[in-house]
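The values are calculated or read from the model by the stated rules, or taken from the named source; none is laboratory data. If you're wondering where the values come from, they're calculated on a predicted model, not measured in any experiment. Reconstructed Cβ throughout: ideal geometry from the backbone, glycine too, with neighbour counts over all protein chains shown.
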Ligand code: BTN
C-alpha cells in the first residue's frame, strides 16, 4: 500500500502490490486499485470517479456504511467481507457483466473452499441454501457507456452478525467452513478469474460462460414464484440463459420469458 490520499473526501490507499500483479498485459482489469478502511459505498464512489478513472479501476473497502443492494435495498457490509466495485468502460456485451461477476465468484469459491456454490437467478450466489454473495451492475452516464460492476461477498463474517441483524437467509464462507481467509487473497483470485471471463466476452467467445451459467444455476426445472416488475407469476423453470433470461411454464401452460433487470425476486414454491 502507499500512503493515504483523498478521493472525493474519502481517505484511500492504492494496493500497489496487487496493481503490480495486474499490470501485466495478460490483464485488463485491476491496474488501479483503491482501498479504503471505511466508505459509504464502493459503488457510489466508483460512480463519482468514473468519468476520469481508467477502465478496470477497482475500489474495495473493509467496511461500508451505506452498502447498496438491488432495488435500492440496504446491503450489510461489516468488516469481514469483500466489498468491491469495478469501473467498466469498454465491455462489448454488457449483458454478460452480471454473469461473469457471479461465475468469477463461483470459481474463486471452488479454488479456496470445498463448497458447492450455486447461482440463484438472477445474480445471487448461494451455498447450502443460503446467500453468500450478491451482484449489482449499474449503467452510468446518460448513455450507459460505462458500468459499475459491484459484488459483495460474505467471507469471514460470523453467525452472530447475521443473527443480530435478522438475516436468516445469509451465510459466509467462515460459517460454512469454520475457516477464515485473507480477503486480499480472495480478491486477487476473484480478479484473475474475472479478467479471464472478461477477455472471453471481449473476444466474442462467450460459449463457456453460457454453459457455465447454466451448469451452476440452481433453478432449472424448479417450481417458482416470481415478482416481475411488481406482478406475481408462478410456474416451472424450463430453461435459464443469459440472453433469454428465465423461461417459465406458467400455471395456465403459457411459456414466458422473464428478464433479470425486472425480476425483484424469485422463490421456490
Ligand atoms: C444484491 O444482492 O442485492 C447486490 C448486492 C451488491 C453489494 C455490493 S458490495 C460492493 C458494492 N457496493 C455497494 O454498495 N454495493 C455493491
In segment 90-109, anything closer than 16 Å to residue 205 by Cβ, part of a helix (DSSP H, G or I) and touching a helix residue (DSSP H, G or I) at 6+ places or on another chain (Cβ under 6 Å) is listed as 96, 99, 100, 103
With criteria (1) away from the ligand (no atom under 11 Å from the Cβ); (2) in contact with a helix residue (DSSP H, G or I) (Cβ under 7 Å, 6 or more places away or on another chain), residue 146 comes up short on (2)
Exactly one of 119, 125, 163, 151 is without any contact (Cβ under 8 Å) to a residue 60 or more places away in the chain and either within 13 Å of the ligand (Cβ to nearest atom) or in a strand (DSSP E or B) (or both), and that residue is 125
Restricted to segment 14-72 and to residues being in a strand (DSSP E or B) and closer than 30 Å to residue 230 by Cα, the residue farthest from the ligand (Cβ to nearest atom) is 64
The condition of being within 21 Å of the chain's Cα centre (by Cα) and under 17 Å from residue 107 (Cβ atoms) holds, among 140, 186, 175, only for 186
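For residue 77, state whether it is in a loop (DSSP other than H, G, I, E, B), within 13 Å of the ligand (Cβ to nearest atom) and buried (at least 18 other Cβ atoms within 10 Å of the Cβ).
Answer is yes for this residue.
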For segment 67-87, pairs from a residue that is within 14 Å of residue 165 (Cβ to Cβ) to a residue that is crowded, with 23+ Cβ neighbours inside 10 Å and modelled with pLDDT under 95, with Cβ under 6 Å and 6 or more apart or across chains, are none
